[in-house]
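Read-outs: derived from the displayed coordinates by stated rules, not from any lab. Just so you know, these numbers come straight off a predicted model, no measurement behind them. A quick note on method: Cβ atoms are made from the backbone with ideal geometry, for glycine too, and the neighbour counts reach across all protein chains shown.
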Amino acid sequence: MENEVKQWMEKIQEIKNGNVDLSRDEDLSIALMNLISLEEHFFFTAVKTEDQKYLNMLHSVRETRKELMKKIVKNPEGEEWCISKHLLAASMRLIEVGTKEFSKGDKEEANKFFTQAFNLYSLFFAINLKMIKPEKLIADENFSKEKTYFSKLSDLMKKIIDCCKEW
C-alpha cells in the first residue's frame, strides 16, 4: 500500500509538471454525467411514450457524449471506456440518491451516498490519469474491502482536482 501511495504521488507530480487541465476535465466529467443521464431519460421516455423521436434524441446525445469522453478517456485499454462511463453514471446516481436523502432530513445516510459517489468519481480519474489499472480492481480483492485504499485515493484526488483553478 505504501508503495502505491508513493507511485500516486509521483504521478501527481508528473501531472503538475505536464499540461493536464484537471479543472477542465472535472467540469467535462460533470457534463458527461449529465449526458449519460440524458441518454437514460430519453430511453425511458421513448419506452413510456412509444415515440421514436426520443430514441433519435438519445442517439444525438450519445454521439455528443462519446465525442466529449474522448477528451478524458484517452487510449483506453481493455474495458476502460465502459468502466469510465459506468463510474460516472454510478457516481451521478449516488449523488442524486444522497441529495434525496438529505432533502428528507437523513444527513447521515446522505453523507454515506456522497462518500460512495466521490470514491467512484475518484476512481474514474485514477484510471484515466493512469494511476491505477482497472485489472487491479479485479486482481486485488482487498481493494473493495479496504476502506483506507479508497480513502487514500479520494484524498489524493481532492488535492489534484480543483475546478476553481483557472490557469
statement: Site K100, offset 7 angstrom along Cα→Cβ, radius 15 Å on amide nitrogen, limited to the stretch 41-62, gives 41
field: Percentage relative contact order, the stretch 20-72, counting C-alpha pairs under 8 Å, at least six apart
entry: 39 percent
- prompt: Taking a threshold of 22 Å on the Cα-Cα distance, which of the pairs K74/K130; K70/K130; K48/K71 fall above it?
  reply: K48/K71
field: Given charges at beta-carbon only (K, R positive; D, E negative), |dipole| of the stretch 20-72 in Debye
entry: 140 debye
